[in-house]
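Visitor: One structure coming up, written as structure tokens, with questions to follow.
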């Protein structure tokens with residue numbers, strides 16, 4: 001019996017168990033549907049920490065759909081999935097290589113796994129101000145230098161840039177390095193031929209999908225996929241790592257939502273909806289090109305990521321204009337462009353509102369785009385776990401140059417760290433710092 005069927009069956013038992021709300025929305029009837037299915041692991045229900053029935057069946061079906069050896073349901077977001085994968089594959093003092101445009105969750109994983117990190121800088125696109133692909137040749141040159149246990153990267157990026165994971169996976173296998181791909185923004189790739197191949201299909205050992213970002217699920221719904229070709233697979237080790245990080249009271253409504261989301265995406269209706277949205281986006285782009293709207297495009301780019309700009313207007317001003325004048329909020333923006341995310345739930349009417357607003361943008365003909373401003377290569381003076389546990393003192397901004405940071409600077413979104421604990425504060429960072437920063441004491 002699936003999770004959804006189990007919840008639909010209900011129970012007639014008098015439950016003197018957690019949660020105490022008795023499946024009733026005490027505070028607001030608005031949330032009643034969520035409360036009705038909110039149970040703990042009572043008799044007859046499955047346990048996410050050791051699935052044996054409904055959850056095991058749902059995860060097994062998901063693994064078949066995603067062509068994985070094993071799929072784990074995660075109700076605490078892709079962050080927990082990433083940390084669990086790192087904790088499983090990385091032993092204390094293992095060396096790992098991490099692309100610098102990874103989400104901040106990777107730094108948490110570095111602390112928890114007690115890894116020794118080297119950072120790898122992805123390619124840059126100055127005209128759009130974004131990080132782009134991982135260069136396979138540069139990666140191989142780096143992997144030759146040391147014995148790295150794991151390489152961690154993001155593909156697609158927030159802006160829809162996909163790296164050549166097939167080539168990267170070959171290189172990682174050559175050097176006996178596990179490849180973990182944060183595929184949070186590519187959760188739809190498995191369900192349309194009009195989208196890039198999934199990380200698993202291209203040879204990644206582990207991928208993380210965030211189902212709420214583009215796939216229509218509730219916040220916190222995510223999955224952890226393990227490749228059929230991974231070496232030395234230990235299912236129990238992965239489960240133990242998930243249990244270490246995950247709550248012991250997982251949400252059944254979220255578990256059911258994960259199952260329902262995957263089932264819908266895999267259905268004819270779901271697949272047709274994805275292709276229909278892509279078709280509408282192509283029409284959307286074609287019409288707006290006539291109004292001077294430029295869209296970021298790249299080989300193997302995700303067509304559902306609308307990263308756009310208008311000559312004569314900064315990305316910040318464009319974002320403010322759309323928000324103040326038309327009540328349209330972007331996912332993120334920089335000095336050059338704005339990102340408008342689409343996915344399951346993006347209607348034709350919603351795209352039409354965005355299109356009509358973009359047509360009415362007022363620009364300053366004399367304005368010229370600035371070049372992208374990218375952080376320098378990090379100067380790691382102390383490894384993440386040591387830095388995390390170190391005492392610190394406060395110092396003034398003007399005295400902080402080349403001191404070791406005890407805190408993080410992470411613009412959010414996209415949640416990519418420009419300064420992590422244990423790294424030296426370089427001149428470039430000072431513009432991002434407030435008057436006081438935490439500095440590790442000697």
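The values are calculated or read from the model by the stated rules, or taken from the named source; none is laboratory data. Source: prediction; values computed, not measured. Cβ atoms come from the backbone with ideal geometry, glycine included; neighbour counts cover every protein chain shown.
Visitor: Would you please name the residue that is surrounded by the most Cβ atoms within 10 Å (Cβ to Cβ), looking only at residues in the stretch 127-142 that are closer than 22 Å to residue 183 by Cα and over 24 Å from the mean Cα position of the chain (by Cα)?
Guide: The residue in question is 140.
Visitor: Still on this model: Looking for whichever is under 16 Å from the mean Cα position of the chain (by Cα) and free of Cβ contacts under 8 Å to residues at least 40 places away in the same chain here; the options are 155, 108, 80, 113. Which one fits?
Guide: The conditions single out 108.
Visitor: Taking the stretch 407-424 as the search range and keeping residues that are at pLDDT 95 or above and in a loop (DSSP other than H, G, I, E, B), which one is nearest to the chain's Cα centre (by Cα)?
Guide: 420
Visitor: Select from the stretch 200-239 the residues that are part of a helix (DSSP H, G or I) and exposed (fewer than 15 other Cβ atoms within 10 Å of the Cβ) and write down the one among them that is farthest from the chain's Cα centre (by Cα).
Guide: 236
Visitor: With the requirement that a residue be under 23 Å from residue 431 (Cα atoms), assigned to a helix (DSSP H, G or I) and either touching a residue at least 40 places away in the same chain (Cβ under 8 Å) or under 31 Å from the mean Cα position of the chain (by Cα) (or both), what does the stretch 355-400 give you?
Guide: Matches in the stretch 355-400: 387, 397.
Visitor: Answer yes if at least one residue in the stretch 26-46 is closer than 20 Å to residue 11 by Cα, crowded, with 20+ Cβ neighbours inside 10 Å and at pLDDT 90 or above, and no otherwise.
Guide: No.
Visitor: Right, residue 322: more than 26 Å from residue 165 (Cβ to Cβ) and touching a helix residue (DSSP H, G or I) at 6+ places or on another chain (Cβ under 7 Å) or not?
Guide: Yes.
Visitor: Considering only the stretch 240-252, how many residues are surrounded by fewer than 18 Cβ atoms within 10 Å (Cβ to Cβ) and either in a helix (DSSP H, G or I) or within 21 Å of the chain's Cα centre (by Cα) (or both)?
Guide: Number of matching residues: 4.
Visitor: Additional query: Output the residues belonging to the stretch 177-199 that are outside any helix (DSSP H, G or I) and within 18 Å of residue 228 (Cβ to Cβ).
Guide: Passing the criteria: 178, 179, 180, 181, 183, 197, 198, 199.
Visitor: Let me ask you something else. Might you let me know whether the stretch 325-337 holds any residue that is loosely packed, with under 13 Cβ neighbours inside 10 Å and on the phi < 0 side of the Ramachandran plot?
Guide: yes
Visitor: Would you be able to say whether some residue in the stretch 273-292 is closer than 29 Å to residue 35 by Cβ, at pLDDT 95 or above and part of a loop (DSSP other than H, G, I, E, B)?
Guide: No: the stretch 273-292 contains no residue that is closer than 29 Å to residue 35 by Cβ, at pLDDT 95 or above and part of a loop (DSSP other than H, G, I, E, B).
Visitor: Considering (1) within 24 Å of residue 116 (Cα to Cα); (2) surrounded by 15 or more Cβ atoms within 10 Å (Cβ to Cβ); (3) within 27 Å of the chain's Cα centre (by Cα), say which one residue 403 fails and leave the rest.
Guide: Just one mismatch for residue 403, condition (3).
Visitor: Moving to a separate point now. Can you pull out every residue in the stretch 36-53 that is within 27 Å of the chain's Cα centre (by Cα) and touching a residue at least 40 places away in the same chain (Cβ under 8 Å)?
Guide: 38, 48, 49, 50
Visitor: Does residue 388 satisfy the criteria of being touching a helix residue (DSSP H, G or I) at 6+ places or on another chain (Cβ under 6 Å) and not assigned by TED's automatic domain parsing to the domain that holds residue 93?
Guide: So residue 388 passes the test.
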